[in-house]
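Readers should treat all values here as calculations from the given coordinates under stated rules, not as data from a laboratory. Note that the structure is predicted; figures quoted are calculated from it, not measured. Glycine also receives a Cβ, built like all others from the backbone with ideal geometry; neighbour counts cover every protein chain displayed.
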């Protein structure tokens, strides 16, 4: 069993959650049960699946949870694109979160590939 709190991808996942919670405060109140709810759940799912997967005894199980975390990351990216396309938040205000998601995706993918090749 790994200590998920020592994993850089988990730490960065927590940072994504914090930034998403700040960003969604800019959304219209009409989106409280729509995009706001969806994107926060998807963001929370990223570090949560990394943590859950790290508790598994098999590498195959850990990889599966990393793949779920990656799916949640893609979900967050898609929802941010929708938010941008609907002009709810300015593109320049989303730049840093997109960069953080890109870095996180590369790290998750790298760990998935490491597990695959071991």
### Query
residue 2 fails exactly one of the following numbered conditions: (1) assigned to a helix (DSSP H, G or I); (2) in contact with a helix residue (DSSP H, G or I) (Cβ under 7 Å, 6 or more places away or on another chain). What is the number of that condition?
(1)
### Task
Test residue 63 against the criterion of being out of contact with any strand residue (DSSP E or B) (no Cβ under 6 Å at 6 or more places or on another chain), assigned to a helix (DSSP H, G or I) and under 19 Å from residue 106 (Cα atoms), and give yes or no.
yes
### Query
Has segment 9-16 got any residue that is surrounded by 15 or more Cβ atoms within 10 Å (Cβ to Cβ) and under 16 Å from residue 115 (Cβ atoms)?
yes
### Message
I need the full set of residues from segment 17-26 which are in contact with a helix residue (DSSP H, G or I) (Cβ under 7 Å, 6 or more places away or on another chain) and either loosely packed, with under 14 Cβ neighbours inside 10 Å or under 14 Å from residue 86 (Cβ atoms) (or both), in order please.
### Response
23, 24
### Selected residue [in a helix (DSSP H, G or I), in contact (Cβ under 8 Å) with a residue 12 or more places away in the chain and either over 15 Å from the mean Cα position of the chain (by Cα) or surrounded by fewer than 16 Cβ atoms within 10 Å (Cβ to Cβ) (or both)] from 82, 68, 50
82
#### Entry: Hits in segment 27-40 - residues which are part of a helix (DSSP H, G or I) and surrounded by fewer than 14 Cβ atoms within 10 Å (Cβ to Cβ)
29, 30, 37
### Message
Could you check segment 85-101 and list, in sequence order, the residues that are in a loop (DSSP other than H, G, I, E, B) and closer than 15 Å to residue 25 by Cα?
### Response
87, 88, 89, 90
